[in-house]
Amino acid sequence: MLTGRRDFLAMGGAAALLAGPGRLFAQEAVAELRPMTGDVVPIARDGYLARMATPQRLMAARAMTALVSAPGASMTYFTGVQWWRSERLTAVILPREGEPLIVTPFFEEPSVRESLKVPADVRTWNEHESPFDAIAGFFRDRRITGAVGIEETVRFFAMNGLGPHVPNITLNDGAPVVRGCRMIKSAHEIALMQKAADITIAAYRHTFPRIERGMTPAQIGAIMNGATRALGGNPEFALILLGEASAYPHGSGQPQQVRDGEVVLMDCGCTVEGYQSDISRSFVFGAASTEQRRVWSHMREGQNIAFAAARLGASAGSVDDAVRARYERWGYGPGYRLPGLSHRTGHGIGLDGHEPVNLVHGEATLLAPGMCFSNEPGLYLPGKFGIRLEDCFHMTGEGPRWFSSPPPSLDDPFG
């Protein structure tokens, strides 16, 4: 974990001085940038109301009478409520028929209602009371019994508390209902994700020429996050891996600096109206070696292989398999062994940066229009360097379509 001044810089404070190489103020570095979000249209009340029909239809098909969801992306998706998880339970119950229930602490009700986009029965509980009594009352009033789905991210204490308070129900896996809604993005959702991707690429293009010898990950991240904010995005993450640290997919705690002839791996993303981008670029500061160029070219071809394998009706796992088969012919692996590709080829993306389903061996879910994925079959050589290029795509009726175009070459990493 970064601490003190490095932590402040990593968060991209607008007035933070980037000490050392460059000696730029973040505010000065982004003064030329203008927001790209003037044409963004938030999802309106009607859009949230239209979403209610799908979970109710899926519940009926699975003989479920209700679905329990917790704060996070699914609660936002279904109700608009933007809330966080704490020891004080806030939850949403979607019944198979009728308006949902929002249960929340009494003192939080005004704040919860600020982002609520759908008609709902809001029931509160005080600090000396149990939230499960409020939920039980809702179940009695609506005569809800039988199978109740639990969203897969609901914590144990919430699920465990329902049993003693709410009789005549059985707790079932609610993932098929949630996934059946959120995996298939609407045209509106895809437009918001496209805007997030456009902002991230623009921030990369601003950041790239400002990287100097001796810079640290925190300093580069500060430039990237500052540019993202100036362009109208909300920075979500800026993972910067330098030199040998690039060989480890999520980095190293060892001190790092930009050095001649070493890899700079940047994995960055932002949100627009909650919808995420996730784009990675790898390049060499100074002259690249023959080995670095070879691995970069192999990884870039891996993206092409994954994109070509992402056919409508193909299993998500088959995309990962196609990449690994080619990598093994080039001498990587086999399988997840190193040097090679030690993680999945891609993950689902939307309101969450990582959401079901994944492009990973054994995943049987069939690709369909509206699904969105990252494409990042990185190659990692422990003790040396790693190359990860990541661009997201969405499935259309004609096949996959990129949110961001993959880089044309190692020497032109942002096109």
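FYI, it's all coordinate maths here, none of it is from the lab. Please read these numbers as outputs of a predicted model, since none were measured by experiment. As a convention, Cβ positions derive from the backbone with ideal geometry for all residues, glycine included, and neighbour counts pool all protein chains shown.
Counting only residues at least eight positions apart within a chain, or on another chain, the lysines with an alpha carbon under 23 Å from that of Lys117 are Lys185, Lys195.
Under a 5 Å amide H cut-off, with hydrogens placed 1.01 Å from N, Ala147 pairs with Thr65, Thr170 among residues at least 5 apart or on other chains. Radius of gyration over Kirkwood radius for segment 293-415, both on Cα atoms: the Rg/Rh ratio is 0.95. Report the far tail of the P(r) of segment 73-117, meaning the percent of Cα-Cα pairs longer than 17 Å. Tail fraction, whole percent: 25. Extension gain, Asn126 to Glu99, is 7.4 nm, computed as 0.36 nm per intervening residue step minus the present C-alpha separation. For the peptides 61-70, 36-45, the ranking by mean Cβ contacts within 10 Å, running from highest to lowest, is 61-70, 36-45. Once the dipole of the chain is set up with Lys and Arg at +1 and Asp and Glu at -1 on Cβ about the Cα centre, which of Trp402, Ile305, His128 lies farthest towards its positive end? About the Cα centre, the residue reaching furthest to the positive side is Ile305. Taking every DSSP bridge with both residues inside the chain, close to 75 percent are antiparallel. With each label modelled as a point 7 angstrom along the Cα→C-beta vector, the Asn304-Arg401 pair spans 2.3 nm. In this structure, the amide hydrogen of Glu363, modeled 1.01 Å from its nitrogen in the peptide plane, lies closer than 5 angstrom to those of Gly317, counting only residues at least 5 positions away or on a different chain.
Ranked by the mean number of other Cβ atoms within 10 Å of their residues, highest first, the peptides 200-207, 104-111 fall in the order 200-207, 104-111. For segment 126-195, what log10 I(q)/I(0) values come out of the Debye formula at q = 0.11, 0.28 1/Å, with one point per alpha carbon and no solvent? So the normalised log intensities work out to -0.41, -1.28. For Ala50 and Tyr336, what is the calculated FRET efficiency with R₀ set at 56 Å and r taken between the beta-carbons, to the nearest 0.05? Computed FRET efficiency for Ala50 and Tyr336: 0.85. If the chain linking Glu212 and Gln82 were pulled fully straight, counting 0.36 nm for each residue of separation and taking away their Cα-Cα distance, it would gain 42.9 nm.
The phi-based Karplus calculation (6.51 cos²θ - 1.76 cosθ + 1.60; θ = phi - 60°) puts the 3J(HN,Hα) values of segment 231-241 at 7, x, x, 9, x, 9, 6, 8, 8, 10, 10 Hz, whole numbers, x for Gly and Pro.
Evaluating 6.51 cos²θ - 1.76 cosθ + 1.60 at θ = phi - 60° for every residue in segment 340-349, the Karplus couplings come out as x, 9, 9, 10, 4, 5, x, 9, x, 8 Hz, glycine and proline recorded as x.
Of the residues Ser252, Tyr336, Gly72, the one whose Cα sits farthest towards the positive end of the charge dipole of the chain is Tyr336 (charges of +1 on Lys and Arg Cβ, -1 on Asp and Glu Cβ, taken about the Cα centre). Here, segment 45-182 has an Rg and a Dmax of 13.5, 39 Å when only alpha carbons are counted. Under a model in which nothing but the beta-carbon of Lys, Arg (+1) and Asp, Glu (-1) is charged, the chain shows a dipole of about 440 debye around its Cα centre. The charge dipole of segment 45-182, taken about its Cα centre with unit charges on the Cβ atoms of Lys, Arg (+1), Asp and Glu (-1) only, comes to about 500 debye. For the chain, adding -39500 (n - 2.57) for each run of n ≥ 4 DSSP H residues and dividing by the number of residues yields -10000 deg cm²/dmol at 222 nm.
Under 12 Å from a point placed 7 Å out from the Cα of Asp260 along the Cα-to-Cβ direction: which residues of segment 235-249 have their backbone N that close? In segment 235-249, the label zone of Asp260 (backbone N under 12 Å from the point 7 Å along Cα→Cβ) covers no residue.
Look at where the Cα atoms of segment 307-334 and of segment 72-148 average out, and the two centres are 43 Å apart. 3J(HN,Hα) along segment 408-415: x, 6, 4, 7, 9, x, 10, x Hz, from the Karplus curve 6.51 cos²θ - 1.76 cosθ + 1.60 with θ = phi - 60°, whole Hz, x for Gly and Pro. If a spin label sat at a point 7 angstrom from the Cα of Arg113 along the line to its beta carbon, the backbone N atoms of segment 72-97 nearer than 16 Å would be those of 81-82.
The lysines within cross-link reach of Lys384, meaning a Cα-to-Cα straight distance under 21 Å and a gap of 8 or more places when in the same chain, come to none at all.
Rounded to two decimals, the Cα radius of gyration of segment 196-299 over 2.2 N^0.38 Å is 1.06.
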